[in-house]
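The values are calculated or read from the model by the stated rules, or taken from the named source; none is laboratory data. Please read these numbers as outputs of a predicted model, since none were measured by experiment. In this analysis, Cβ positions are derived from the backbone assuming ideal geometry, glycine residues included, and neighbour counts consider all displayed protein chains.
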Amino acid sequence: MTTALDVQTKMAEASPEVKAIHRRMLRRQRLGRALVYLVGILISLWVLIPIWFIASMALTTPAEVRAYPKGILPFIPLSTETMRFFLNSRGILPGLRNSITVALITLVLSILIAAPAGYALSRFLFRGRDAFRLAILAVRAFPIVVLSIPLAVVFLRVGIYDNVYSLALMHTALALPTTILVLSSVFSSIPYELEEAAMVFGCSPAQAFRYVVLPLVMPGIAASAIFTFVLSWNEVFAATILTIQNRTLPAQVLVTLNQSSEPYQFAGGFFMMIPALIFIFFIRRYLFNMWGQISK
Amino acid sequence: MTSASAPKSRKKINWAPYLLILPSLLYLALFFGWPMVQGLILAIREEGAVLGLRSEADRNSTIAGSLPRGMQVSILNRQGNPIPQGETLQGGQLTEIWYKVRGQDIEGQLIEGWTPERRIRVRESDENGVPVAGTVRSILSATADPLTRIYFQADESSEVIGQMEARTAVEILDQATLELWFLISGDSGNQTVEGWVPSRYLNIFEDETQGRIEEGDTSQFTTRYLERMVNDRFFWPALRTTLLLIVLIVPAQFVLAIIMALVIQADLKGSGIFLYVFAIALGVSDLAVGILWYSIFTQSGYLNSILQGLGLINSPNIYLSADTRYWILIAIWLAELWRATAIVMVIVVAGMQAISREVLEAAEVFGATLWQRVRYIILPLLRPSLQVALILRTILAFQVFAVVIVMSGGDIMTVLANETYRQYYDQRNNNLAAAYASFILLLSLITAFFYLRAVRTQEEVAE
């Protein structure tokens, strides 16, 4: 700000040539900014227009969905009929319940298991730390989803096949590497000096963690938990392989996709997107913590 | 406690970090390492490929030879063997129930011995349904022995202790379940092998003279599944499509992601909204994205609606059919570009945040254009991030699944993950599914190898 003011005061006493150059520079800057806005808006449209389309289909009457040419909201009647039809279809409400159960168990399990490891990675230098980090990165790079085939065979043998709890175990394995890395970066962002100070004032390490670190990392942990929830909510391959009767919502939609009508499909597609639309908004500031960490 | 900022002061090993990482290590070993090994084993090992034939109808007797699964054999003889205590019935097991009875034999003596269930008509059962009394059945056949033999043990080869007439009343004291064993013979190579096997490994045909080996009792390493996978008519199309999609999607994604990142890094007013909008796709599943783009490309979808509205077409085009595979490819391409660019964008932004502002400002002062700044400063400094994003994206692209199913029903166009699913779900062939899964793992392993190297160079760069 001060530099801008300086420039302005200096500009007042500058020669006409300098003023002209300055004007050109400003114009170029403004032009550049406008260009960036334009590009940003174009990309936003590329993201949003398809969502608008599917939202239009999901939030109107089934008759409008079947109509051709298709209209879009707000030019077609707004109605909850299509969505109600989808939600009342066979297997959808139980699927929804299963999805939420699986996602919640996954969230709790992965945070409980990952938090200590993330803390260890951020606070301790120990022999094997790099090896552990590399192992986590390597696991992160694996298509863990294809492990659902052998897991299905094993679960079948042990008798926990087709069960929301065993699916949650699989999803936890899926989420764990990312969660560990993210939580480690969240802990790293809290200076160790704070903990040290608490211990100087007589806290035990556990108390220092409980009363000083935990409140500070809560938002980061919450963001990571939300992301884990979305990951489990979205996962379809393992869910389809590991369940038959107790399908999660995406698995149910996928399996019935070929025999279902367009209102069902579109309402289902939009319904599954809703958590993303809500949650990404809350965790957008943590995204770089999350995914940037992978490349660090 | 040793902190990262004040390390290496103590010689004594601090166990705290090891205890802290232990749960995650155990968990990953259990749900990542172990299933991975199991998957590989499933892909190359055939359970019950060979059935061992015993020289006598006894599981402890010597092995007379072996025959492969699926072979048709002739049945020469049968025998019932008591099922050992504590063993439950298994699938495919043929059993025979014998009763221990007490009653008068033809000589009027009271005897106690075993006879097959089929010779006794149960007249009375206790409250648990266990038979307690019955009569000997009459045999109507002209050739059969009208008398019923009573054996010393529940075994046709044991001593006959007496015979009973039809309709003799008997007490039923006990019952035993026998597993049938069969003496079979079949051709192995150019010699005939003969031996006893338990019924659960066989499928006996109607007349009890022929049967087929349903399952073996020993496993064998085999390349059969791998060969079958490679010769599967969907394998090469799936591999081709998977690789083609990677080649088509990844470069476009990177261009788009870098543009997105530049927009966000320009730090304009409202860049928070841009970030939110650009990142939405990060939380959307490939199934939902597939449906979303399906609503555009389906015959009565938005693309046709718009074209018709503009008067460019008179009747709706068909895009997603076997005759227009390139349209399916385009639809998948757009859907994946829409969905998975967000991840690359986030990694690239994180990388850009690490580039110092001074460098960029200096370049601007010296009159570098935007293109020059991108080309000569941002891209070279971003290289490590880009490498990591590239490899991560490639590995994720091996798993493309639901989008393809939505766009093509999983038939017209297929990918490796879809074949894994099809083998498991439609064909019920775990081994072939595991072979596909292992193949995807192998491809990813190769990619991950480069990934780890990239990470390492990155850490060197960071230092």
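Each row is one residue, and each column tells you yes or no for (1) small (G, A, S); (2) not in a helix (DSSP H, G or I).
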| position | (1), (2) |
| --- | --- |
| B:N203 | no, yes |
| B:P237 | no, no |
| B:T241 | no, no |
| B:L244 | no, no |
| B:V247 | no, no |
| B:F254 | no, no |
| B:I264 | no, no |
| B:A279 | yes, no |
| B:Y294 | no, no |
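For A:A239, state whether it is under 30 Å from B:N418 (Cα atoms), of a type outside the set (F, W, Y) and within 8 Å of chain B (Cβ to nearest Cβ). Taking the combined requirement at face value, the residue does not satisfy it. Kindly evaluate B:A335 against the criterion of being in contact (Cβ under 8 Å) with a residue 12 or more places away in the chain, within 10 Å of another protein chain (Cβ to nearest Cβ), in contact with a helix residue (DSSP H, G or I) (Cβ under 9 Å, 6 or more places away or on another chain) and within 22 Å of B:L381 (Cβ to Cβ). So B:A335 fails the test.
Residues that are of a type in the set (A, V, I, L, M), surrounded by 18 or more Cβ atoms within 10 Å (Cβ to Cβ) and within 9 Å of chain B (Cβ to nearest Cβ) do not occur anywhere in region A:212-222. The combined condition, being surrounded by fewer than 23 Cβ atoms within 10 Å (Cβ to Cβ), small (G, A, S), without any contact (Cβ under 8 Å) to a residue 40 or more places away in the chain and within 10 Å of another protein chain (Cβ to nearest Cβ), is fulfilled by A:S44. Each residue in region B:343-386 was checked for being of a type in the set (S, T, Y) and away from chain A (no Cβ under 14 Å), and 2 pass.
Residues being surrounded by fewer than 23 Cβ atoms within 10 Å (Cβ to Cβ) and more than 7 Å from every other protein chain (Cβ to nearest Cβ) are represented in region A:140-148 by at least one member.
Within region B:418-444, residues that are aromatic (F, W, Y) have Cβ atoms under 9 Å from residues that are part of a loop (DSSP other than H, G, I, E, B) in these pairs: B:Y421/B:F401; B:Y421/B:G410; B:Y436/B:D232, counting only partners at least 6 apart in sequence or on another chain.
Residues of region A:185-211 that are within 13 Å of chain B (Cβ to nearest Cβ), not in a helix (DSSP H, G or I) and not small (G, A, S): A:I190, A:P191, A:C203. Scanning region B:393-408 for residues that are within 7 Å of chain A (Cβ to nearest Cβ) and assigned to a helix (DSSP H, G or I) yields a total of 4. Restricting the first member to region A:53-71 and to residues that are at the interface with chain B (Cβ under 8 Å from one of its Cβ atoms), and the second to residues that are of a type in the set (S, T, Y) and part of a loop (DSSP other than H, G, I, E, B), the beta-carbon pairs closer than 7 Å and six or more apart or on different chains are A:Y68/B:S300; A:K70/B:S300.
A single member of A:A173, A:A117, A:A152 is under 19 Å from the mean Cα position of the chain (by Cα), within 9 Å of chain B (Cβ to nearest Cβ), part of a helix (DSSP H, G or I) and among the small types (G, A, S), and it is A:A173. In the set A:F132, A:F124, A:F86, only one residue is more than 7 Å from chain B (Cβ to nearest Cβ) and aromatic (F, W, Y); that residue is A:F86. Is one or more of the residues making up region B:19-34 of a type outside the set (V, I, T), under 28 Å from B:R200 (Cβ atoms) and within 28 Å of the chain's Cα centre (by Cα)? Scanning region B:19-34, I find no residue that is of a type outside the set (V, I, T), under 28 Å from B:R200 (Cβ atoms) and within 28 Å of the chain's Cα centre (by Cα), so the answer is no.
Restricting the first member to region B:101-128 and to residues that are not assigned by TED's automatic domain parsing to the domain that holds B:E171, and the second to residues that are in a loop (DSSP other than H, G, I, E, B), no beta-carbon pair is closer than 7 Å while six or more apart or on different chains. When you look at B:I330, is it more than 7 Å from chain A (Cβ to nearest Cβ), closer than 22 Å to A:G269 by Cβ and surrounded by fewer than 17 Cβ atoms within 10 Å (Cβ to Cβ), yes or no? Against the criterion (more than 7 Å from chain A (Cβ to nearest Cβ), closer than 22 Å to A:G269 by Cβ and surrounded by fewer than 17 Cβ atoms within 10 Å (Cβ to Cβ)), B:I330 qualifies.
Within region B:350-389, track down each residue that is more than 47 Å from the chain's Cα centre (by Cα) and either outside any helix (DSSP H, G or I) or of a type outside the set (A, V, I, L, M, F, W, C) (or both). Residues satisfying the conditions are B:S356, B:R357, B:E358, B:E361, B:E364, B:F366, B:G367, B:A368, B:T369, B:Q372, B:R373, B:Y376. Selection of region A:229-253 for residues being at pLDDT below 90, closer than 23 Å to B:A340 by Cα and among the hydroxyl-bearing types (S, T, Y) yields only A:T240.
To keep it simple, each residue is scored yes or no on (1) closer than 12 Å to A:I280 by Cβ; (2) modelled with pLDDT of 90 or more; (3) surrounded by fewer than 18 Cβ atoms within 10 Å (Cβ to Cβ); (4) more than 7 Å from chain A (Cβ to nearest Cβ).
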residue: B:Q253; (1), (2), (3), (4): no, yes, no, yes
residue: B:L262; (1), (2), (3), (4): no, no, no, yes
residue: B:L268; (1), (2), (3), (4): no, no, yes, no
residue: B:L275; (1), (2), (3), (4): yes, no, no, no
residue: B:A279; (1), (2), (3), (4): yes, no, no, no
residue: B:L287; (1), (2), (3), (4): no, yes, no, no
residue: B:I291; (1), (2), (3), (4): no, yes, no, no
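Here the condition is being closer than 19 Å to B:V250 by Cβ and not small (G, A, S); of B:L370, B:L442, B:L392, B:L381, it holds for B:L392 alone. Taken over region A:62-102, the residue count meeting the criterion of being polar (S, T, N, Q) and within 19 Å of A:W52 (Cβ to Cβ) is 3. Restricted to region B:147-157, and to residues there that are in a loop (DSSP other than H, G, I, E, B) and in contact with a Gly (Cβ under 9 Å, 6 or more places away or on another chain), the residue that is surrounded by the fewest Cβ atoms within 10 Å (Cβ to Cβ) is B:F152.
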